[in-house]
Each structure stands twice: as structure tokens, then as C-alpha cells.
Amino acid sequence: MLQVNQLHQYYGGSHILRGVDFAARQGEITCLLGRNGVGKPLC
């Protein structure tokens, strides 16, 4: 299991993720959706 609590991410001077909680169990397929250019690969 992967569990993340209170994730914060900054990109340049922007606070792009604020307090994100996330959990994925073994065998689950999960994705992160968002517009182009919003920093998804940086998470």
C-alpha cells in the first residue's frame, strides 16, 4: 500500500498542491488527471 498524507508541492513560486491525502492499495490502477502544463509529472 502507498499512503501519502498532507502532501504539499511547490513549482516555481506557486504552491500547486495543498494538503493532499492519497492511498493506493496493491493491485489498484490509479491515475492523476489535470490540464496540460499543471505539473503532474512533478508530483
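The values are calculated or read from the model by the stated rules, or taken from the named source; none is laboratory data. Values in this document were obtained by computation on a predicted structure and should not be read as measured data. Neighbour counts run over all protein chains shown; Cβ positions are idealised from the backbone, glycine included.
A few points about this structure:
- Any hit, region 10-27, residues being in contact with a strand residue (DSSP E or B) (Cβ under 9 Å, 6 or more places away or on another chain), in a loop (DSSP other than H, G, I, E, B) and either modelled with pLDDT under 90 or among the basic types (Lys, Arg) (or both): yes
- Here residue 21 fulfils each of the conditions (1) exposed (fewer than 10 other Cβ atoms within 10 Å of the Cβ); (2) touching a residue at least 24 places away in the same chain (Cβ under 8 Å) apart from (2).
- Only one of 34, 39, 27 that is of a type outside the set (A, V, I, L, M) and exposed (fewer than 10 other Cβ atoms within 10 Å of the Cβ): 27
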